[in-house]
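Below you'll find the structure, written out as structure tokens, and then a few comments.
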Amino acid sequence: MSQAEVYSTPHRIVHWATAALIIGLVPVGVYMTSIPFPPNPGANPEVKNALYEWHKSFGLIVLLLAVARVALKVTQGTPAPVPTLTKFQRIASAATHHLLYVLIFFVPLAGWVATSMCYGPVNLFWTIPVTLPISGQPATCSVIYRFHFGGAVLMTLLVFAHIGAALMHLVVIRDGVFRRMWP
């Protein structure tokens, strides 16, 4: 494939870093919220708090990567779609990618807003304060967290669809689409 047909190295780095973080953040988010608070059996506040800090920090990194991704798209552009794609594949690909872009901004932003409002401080890796200057009631935060969770569920489903489509292009169709983003 020519250089015009593949994504640039920075695009690929940002893509795979974002993918790895999202794939890790979702199960960590589910697990950390399942750890009970004391005095309930199985409570482990040290582990719960550490996982929350890691989750918040890496979630903010995803948000920064989303900004980098849009900056790369604006400054470097992206390769044209593969000409062998059907109309349905082009529409499905565009819809999935656009929704993933929205969600990689929305999900971490919703978590950051809710945590800043009611459960601050928010520190990047325990050190750099990044709490937003907003406050709110626990009921409001609860609603925002539900949007955060719902967005994460939708993003997870779209990631599975994205992986499935990529594997289909690699194994079944063999049209080079997968190699465009492969490191």
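For segment 29-52, filtering for residues that are closer than 18 Å to N123 by Cα and under 19 Å from the mean Cα position of the chain (by Cα) leaves 4. Selection of first residues in segment 162-181 that are in contact (Cβ under 8 Å) with a residue 60 or more places away in the chain and of a type outside the set (A, V, I, L, M, F, W, C) and of second residues that are open to solvent by 40 Å² or more (accessible area, probe 1.4 Å) and not in a helix (DSSP H, G or I), restricted to Cβ pairs under 9 Å at least 6 apart or on distinct chains, gives the following pairs, ordered by first then second residue: D175/T84; G176/M1; G176/T84; R179/M1; R180/M1; R180/Y7.
Does segment 1-33 hold any residues that are at pLDDT below 95, in a helix (DSSP H, G or I) and among the small types (G, A, S), and which are they? If the condition is that a residue be at pLDDT below 95, in a helix (DSSP H, G or I) and among the small types (G, A, S), then A4 is the only one that fits. Scanning segment 6-29 for residues that are surrounded by fewer than 13 Cβ atoms within 10 Å (Cβ to Cβ) and over 22 Å from H148 (Cα atoms) turns up just one, T9.
The listed residues are T115, T84, T78, and the only one of them that is touching a residue at least 24 places away in the same chain (Cβ under 8 Å) and in contact with a Lys or Arg (Cβ under 7 Å, 6 or more places away or on another chain) turns out to be T115. Being surrounded by 15 or more Cβ atoms within 10 Å (Cβ to Cβ) and over 23 Å from the mean Cα position of the chain (by Cα): is that true of I173 here? Spelling it out, I173 is indeed surrounded by 15 or more Cβ atoms within 10 Å (Cβ to Cβ) and over 23 Å from the mean Cα position of the chain (by Cα). How do the pairs read when you match residues in segment 30-49 that are more than 20 Å from S142 (Cβ to Cβ) and open to solvent by less than 80 Å² (accessible area, probe 1.4 Å) with residues anywhere that are part of a helix (DSSP H, G or I) and of a type in the set (V, I, T), using Cβ under 8 Å and keeping only pairs 6 or more apart or on different chains? No pair meets every condition. So T78 passes all but one of these: (1) open to solvent by less than 80 Å² (accessible area, probe 1.4 Å); (2) at pLDDT below 95; (3) within 27 Å of M168 (Cα to Cα); (4) out of contact with any helix residue (DSSP H, G or I) (no Cβ under 9 Å at 6 or more places or on another chain). Which condition number does it fail? So the condition that T78 fails would be (4). Note on segment 87-129: residues that are open to solvent by less than 40 Å² (accessible area, probe 1.4 Å), modelled with pLDDT of 95 or more and outside any helix (DSSP H, G or I) total 1. The set of residues in segment 130-150 being in a helix (DSSP H, G or I) and either under 14 Å from T96 (Cα atoms) or open to solvent by 90 Å² or more (accessible area, probe 1.4 Å) (or both) consists of R146, F147, F149.
The values are calculated or read from the model by the stated rules, or taken from the named source; none is laboratory data. What you see is a predicted model; the values in this text were computed from it and never measured. Every residue, glycine among them, receives a Cβ derived from its backbone with ideal geometry; neighbour counts consider all protein chains shown. Each accessible area value is taken on the protein alone, full model and side chains, heavy atoms only, with ligands, DNA and RNA left out. Shrake-Rupley method; radii C 1.70, N 1.55, O 1.52, S 1.80 Å.
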